[in-house]
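In what follows, a single structure is set out as structure tokens and then discussed.
The numbers here are math on the coordinates, done by the rules we state, and not lab data. Not measured: the values here are computed from a predicted model. Ideal geometry is used to build each Cβ from the backbone, glycine not excepted, and the neighbour counts take in all protein chains shown.
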Amino acid sequence: MTSNQSSDLWAAPLRRKGPIVAKVEIPGSKSVTNRALVLSALADSPSILRRPLISRDTTLMKNGLVAIGVGINESLHEGELRWTISPNELIGPALVDVGNAGTVMRFLPPVAALANGAISFDGDARSHERPIAPVIRALEKLGVVVEHDGRYALPMVVNGTGGLRGGEIDIDASASSQFLSALLLIGPSTLKGISARHTGSPLPSMPHIEMTVAMLRDFGAEVDVDDRQSTWRVHPSRLVGKELVIEPDLSNAAPFLSLAMVCGGSITIADWPSSTTQPGDQLRDIFGAMGAKVFLTDEGLTLTSMGISEGESIHGIDIDLHDVGELTPAIAALAALADSPSHLRGIGHLRLHETDRLAALTREINALGGKVTEEETALHITPASLRAGIFHTYDDHRLATAGAVLGLVVDGIEVENIATTAKTLPDFASMWSELVE
């Protein structure tokens with residue numbers, strides 16, 4: 001594991017005065033935006049995405065689709081951002097830059113298999129290390145010629161022939177639920193549909209699979225899921241364009257809700273949906289178990305707390321985060337400030353994310369004086385007195401926001417490469433500073 005190359009250091013704002021009372025508008029969900037882009041590109045009529053997330057990951061997805069022939073027009077309607085997606089013939093040759101975006105490197109190669117021509121994929125150095133082999137093998141079983149020099153990794157070339165027959169596929173998606181979602185998303189556009197059976201240890205991030213299924217059905221697809229949630233059948237069908245309002249990214253709400261838990265006060269996240277498949281919705285129960293009061297109203301989700309500076313403790317937690325692993329950095333930061341040990345379990349798959357998140361969290365919290373013990377699939381965190389220092393981010397947006405949370409009460413924390421938060425949360429640094437200072 002190596003840290004990012006950026007030497008830019010951001011002084012995490014220390015909260016020097018009283019509780020924080022604020023209403024925060026979180027940008028749209030990356031997971032919803034990127035799935036909606038793919039489904040809109042494969043539909044038989046135009047779609048309108050309202051309030052899509054503008055971030056590095058969604059821009060990479062948008063640009064990748066445009067590169068292979070999809071029409072995407074950006075406009076403002078009464079101050080609201082809208083993308084109009086016009087499906088066109090998918091053609092190559094083209095080059096797609098995946099950056100370090102998991103959804104782009106995994107969702108777009110199957111889409112490229114539907115195109116006419118050779119579509120090349122490359123990205124950041126870390127993208128060459130991240131797992132994509134199950135998607136490549138699945139495409140090869142479906143008859144697609146993929147050039148990867150036997151590495152089953154990026155960079156690679158997908159040689160599309162204008163369509164796919166489809167069929168039955170066994171896939172081990174235990175390293176990332178995105179492997180399975182990638183195949184399901186193209187199912188309606190194949191001649192026979194896709195029947196995908198997961199083989200291997202339990203699927204991580206099951207809410208993201210449920211999101212994929214729900215959005216497929218929203219666009220008109222017929223999807224069958226067996227009772228054990230091990231086999232998914234997507235029937236061949238027409239996808240119909242939609243007008244869709246993108247929900248706020250609930251996982252990105254975690255550091256902002258943490259403001260009230262650490263500093264005291266009340267934080268309301270605007271437009272929190274009453275029903276959603278986003279994993280971030282589980283923050284309601286998790287932060288409640290850690291001592292906050294959380295309630296949902298027409299205004300949004302509100303979290304209140306006296307804050308640790310006023311004597312109200314953050315409680316340690318023993319929890320399996322297998323299905324909601326993306327919340328781990330935020331929870332780990334709070335656990336380092338808690339009144340009792342925490343045990344975060346079921347998160348071995350986080351070693352394959354933007355960085356090895358378990359190793360990174362252990363190294364960075366301990367470098368500040370923390371006590372984190374790392375196991376293959378778990379973190380054990382014993383609260384300790386923390387000190388000033390540099391919090392490295394490894395080009396990982398969620399590491400950066402975790403460092404910002406610790407900086408609320410630990411004077412002198414400098415977060416390396418805070419700009420990496422642009423992956424899913426544009427303008428994080430300015431939003432955070434305005435709330436804290």
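A few points about this structure:
- Three-way shape label, the stretch 138-231, alpha-carbon gyration tensor, a/c 1.5: oblate
- Stretchable slack from residue 373 to residue 274, in nm (0.36 nm times residue separation minus alpha-carbon distance): 32.0 nm
- Computed label-point distance, nm, for sites residue 74 and residue 430 using a 7 Å Cα→Cβ extension: 1.5 nm
- Relative contact order [Cα under 8 Å, 6+ residues apart], the chain, whole percent: 18 percent
- With Rh defined as the Kirkwood radius, the inverse of the mean 1/r over Cα pairs, the Rg/Rh of the chain is 0.97.
- Pairs exceeding 25 Å between alpha-carbon atoms, taken from 62/242; 30/242; 62/423; 23/293; 192/423; 23/423: 192/423.
- Counting only DSSP beta bridges whose two residues both lie in the stretch 30-231, roughly 70 percent are antiparallel.
- Cα-based Rg / Dmax (Å) for the stretch 30-231: 15.8, 51
- Extents of the stretch 258-411, taken as max minus min of Cα coordinates on every principal axis and listed largest first, are 41, 35, 26 Å.
- Our estimate of slack between residue 149 and residue 91, defined as 0.36 nm per intervening residue step minus the Cα-Cα distance, is 18.6 nm.
- Residue order, fewest to most surrounding Cβ atoms within 10 angstrom, among 430, 342, 313: 430, 313, 342
- Antiparallel DSSP beta bridges within the chain, percent to nearest 5: 70 percent
- Percentage relative contact order, the stretch 30-231, counting C-alpha pairs under 8 Å, at least six apart: 17 percent
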